[in-house]
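Below: one structure, written as structure tokens.
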Amino acid sequence: MFGGIALLLACVGIGTPNWQSNQVIIDGQRHTISTANFFYACNSYSNGTLISCKHRSSDRNINQYYPIDARWNETEWNQHLDSAAGLCIVGIIFISIGIIATLLMTVEGLPAWFYLFGPIGLFLACLFMLAGMAEGAYVLYYNDYAANLYQTAHLLTIFSFLISSIAAGRCYSFPNIGEFDIPLRKQ
């Protein structure tokens, strides 16, 4: 269950643009002027309505879309964002592999080595997700809801890894746990 929720939150988090939001205060009210994620950025808001978004693959000049104070050049920013996007997507793929392998543990007669796939998949998912978030932090400030969704997915993936490891140990150590042969005591 944790794995399924983690997969859903990670997919929604990676797909929405609100990892970094830049806001201004006009007449005492806070207005969002731009949002960004690893793939694209939106930079023109008028009265809360989105006017335009730009995908990084179509315009590598990201100064106007990712307004942060960094000391590197745009090519290096794009490399960090490309790496972060790839690592996060690989993390999502490993969540899927870990969930499927954990669910397949209920099948009887599997070889002992198969019980390692679920925990290993979820462990690798945790590593890739964390590496992706760390790589993206070179460029983006994680100050909006999409980053929070992805970070929550990372936490739930850690819980899923724990549960999958316990299930794998149980299935490996006690493969016939449901088939207790308890003799009745004679009185």
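The values are calculated or read from the model by the stated rules, or taken from the named source; none is laboratory data. Bear in mind the structure is a predicted one, so any value in this text is a computation, not a measurement. These accessible areas exclude ligands, DNA and RNA; they are computed on the full protein's heavy atoms, side chains included. Shrake-Rupley method; radii C 1.70, N 1.55, O 1.52, S 1.80 Å.
Structural remarks
- Ile25 sits with roughly 120 Å² accessible to a 1.4 Å probe, with DNA, RNA and ligands left out of the calculation.
- The share of accessible area on the range 108-147 that comes from carbon and sulfur is 73 percent, using a 1.4 angstrom probe.
- The heavy atoms of Val24 present about 50 square angstrom of accessible area, all protein chains included, probe 1.4 Å.
- Close amide H contacts of Arg56 (hydrogens built in the peptide plane, cut-off under 5 Å, sequence separation of 5 or more or a different chain): Tyr40, Ala41.
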